[in-house]
Structure formats: C-alpha cells, structure tokens
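Below is one structure, written out as structure tokens, with a few remarks after it.
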Amino acid sequence: MSENENNEQETVIVSNEEGEQETFDVLYRFEQDNGQKYILLTPSETEETEEANDEEVMEQEVYAFRYEGEGESINLIPIEEDKEWDMIEEVLNTLENEWNAENHG
C-alpha cells in the first residue's frame with residue numbers, strides 16, 4: 001500500500017523570508033535517473049479552501065523544489081535551470097492527466 005494508506009497527507013514545514021513557518025502538503029516526490037530528488041508542494045488546506053473545494057474545483061498553486069536528505073530533515077533547493085522546469089512541467093502534466101483519468105474514468 002502507499003505511504004498515505006490512512007489518508008494522512010504528508011506535510012512539510014517551510015520557513016519563508018520573514019522567518020514565519022508555513023505548512024505545505026506534499027503533492028508528489030520523485031527521483032530522476034541522475035539521482036536528483038524533487039518534491040512538489042501545495043499550500044496546506046484550511047477550512048476555507050476545503051469548503052471551496054467542495055463547491056468547485058480550484059486551481060492549486062504548486063511549488064517545486066529539488067531536495068536533499070530524508071525524512072523530516074530535508075533541505076529544499078530552489079530550481080533555477082530551465083531544463084529542470086521543463087521536466088517538472090512534464091511530470092505535472094502527466095500527474096494531472098492520471099488524476100483526471102482516475103476521477104472521470
């Protein structure tokens with residue numbers, strides 16, 4: 001079974017520029033053949049966004065990072081290369097197509 005078999009969302013806490021901690025849900029983690037690891041994060045849902053999700057499908061902001069480390073102590077690395085962004089965009093498009101097929105198929 002998957003890591004989220006109990007329907008528990010994996011979360012990551014990130015400190016922003018102001019030093020405030022924000023919680024993000026882990027949308028997806030993957031590793032490239034070259035060993036680079038990537039993580040896709042979305043802002044954690046609040047009751048407000050959950051209510052809106054019940055009424056309509058909202059577009060979600062997705063933040064992508066390369067990361068190092070395991071478990072709770074991962075180091076997020078900003079993505080700056082265009083070829084990395086292109087690869088991440090392909091992964092997101094594939095995920096979106098799979099989720100749409102599961103939800104509508």
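The values are calculated or read from the model by the stated rules, or taken from the named source; none is laboratory data. Keep in mind that what you see is a predicted model, and the values were worked out from it rather than measured. With ideal geometry, Cβ positions are generated from the backbone for all residues, glycine too; neighbour counts draw on all protein chains shown.
Whenever a residue of the range 76-87 is more than 14 Å from V62 (Cα to Cα), its partners that are surrounded by 10 or more Cβ atoms within 10 Å (Cβ to Cβ) and β-branched (V, I, T), lying with C-beta atoms within less than 9 angstrom and at least six residues away or across chains, give the pairs L76/V12; L76/V14; L76/I39.
One line per residue, one yes/no per condition, for (1) of a type in the set (G, A, S); (2) at pLDDT below 90; (3) in a loop (DSSP other than H, G, I, E, B); (4) loosely packed, with under 10 Cβ neighbours inside 10 Å:
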site	(1), (2), (3), (4)
N4	no, yes, yes, no
V14	no, yes, no, no
E22	no, no, no, no
L41	no, no, no, no
E48	no, yes, no, yes
A52	yes, yes, no, no
G71	yes, yes, yes, yes
L76	no, no, no, no
E80	no, no, yes, yes
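The residue that is surrounded by the fewest Cβ atoms within 10 Å (Cβ to Cβ), among those in the range 87-105 that are more than 15 Å from F65 (Cα to Cα) and aliphatic (A, V, I, L, M), is A101. For A64, the criteria (1) within 21 Å of T23 (Cα to Cα); (2) among the small types (G, A, S); (3) not in a strand (DSSP E or B) hold in every case but one, which is (3).
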